[in-house]
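Data first, discussion second: the structure below is written as structure tokens.
Coordinate-derived values only; no laboratory data. Remember, it's a predicted structure, so these values are computed and weren't measured experimentally. Backbone-built Cβ (ideal geometry, glycine too); neighbour counts: all protein chains shown.
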Amino acid sequence: MNIVLGSTNMSKRRSIEIALNKMEIIDYTISCVSVPSKVSSKPINEEILIGAQNRNNALLNHCQKNEIDYDILISLEGGYEKIGNSYFIVTYADIFTKDCDRFVGKSQGMEISAKMFYWVLNGKSLNSVIESIIGINGNKTKSGITGYLSNGQFSRDDFDSNAVVMAMTSMRNSEQYLRLDKKIKE
């Protein structure tokens, strides 16, 4: 499987590798291409999914323009969701196949406090606060916020891989989706 990732962030690449391993896919290559998300650096709510899809749209254009062969394009975007009075860190994965089918997956959500959410909403970085606590730079591409908050149980790579698994599960099992849709009476 020839995969092109819409990012040069090695954490996102590792997330895909973890997902493929979970799904027992061993024959693959991953190429990384930097493309814009066209959303804020700390996307909120639907902006997260829009960012992943924007990356994949730009990636598709890049691959077509440069005649890059692929089986699937994958782009990931992490961000923050507010649902009622609850706040979460989540990641979306967008997959686009060479047959022009699109599949989306979402990670589990890790709850954060309202104070953390509004810190981010005001344009500030949780990673920079974490770095000041742990004394190490580059937390965003290492364990990430989820790694810090889970005391190392869910690194950013692990957390983001779940979004990829969900998108790939939809892609690999699309016939079950169609079968169920046909059985649903309107």
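Note on the stretch 38-104: percent of Cα-Cα distances in each 5 Å bin, starting at 0 and stopping at the bin with the largest distance, equals 4, 18, 25, 19, 14, 10, 5, 3, 1, 0.
The antiparallel fraction among DSSP beta bridges confined to the stretch 2-183 stands at about 70%. Along the axis of the charge dipole computed for the chain (Cβ charges of +1 for Lys and Arg, -1 for Asp and Glu, origin at the Cα centre), the listed residues SER143, GLY6, CYS32 are led at the positive end by SER143. The distance between label points at LYS98 and SER40 comes to 3.9 nm (points 7 Å beyond Cα on the Cα→Cβ vector). For the residue pairs LYS12/LYS183; LYS82/LYS182; LYS22/LYS185; LYS65/LYS106; LYS38/LYS98, the C-alpha atoms sit more than 26 angstrom apart in LYS12/LYS183; LYS82/LYS182; LYS22/LYS185; LYS65/LYS106.
For the stretch 2-183, the pair-distance distribution built from all alpha carbon pairs, in bins 10 Å wide starting at 0, is 10, 37, 34, 16, 3, 0 percent. Think of each Lys and Arg Cβ as +1 and each Asp and Glu Cβ as -1; about the Cα centre, that makes the dipole of the stretch 2-183 roughly 420 debye. Comparing ILE133, ILE112, ILE145 in a Gaussian network model of the chain, where Cα atoms under 10 Å apart are tied by springs, the biggest mean-square fluctuation is seen for ILE133. Mark the label point 7 Å from the Cα of ILE83 along Cα→Cβ and return the residues of the stretch 128-159 whose backbone N is within less than 13 Å of it. In the stretch 128-159, the label zone of ILE83 (backbone N under 13 Å from the point 7 Å along Cα→Cβ) covers no residue.
Each helix, a run of at least 4 DSSP H residues, gives -39500 (n - 2.57); summed and divided by the residues of the chain, these come to -14000 deg cm²/dmol at 222 nm.
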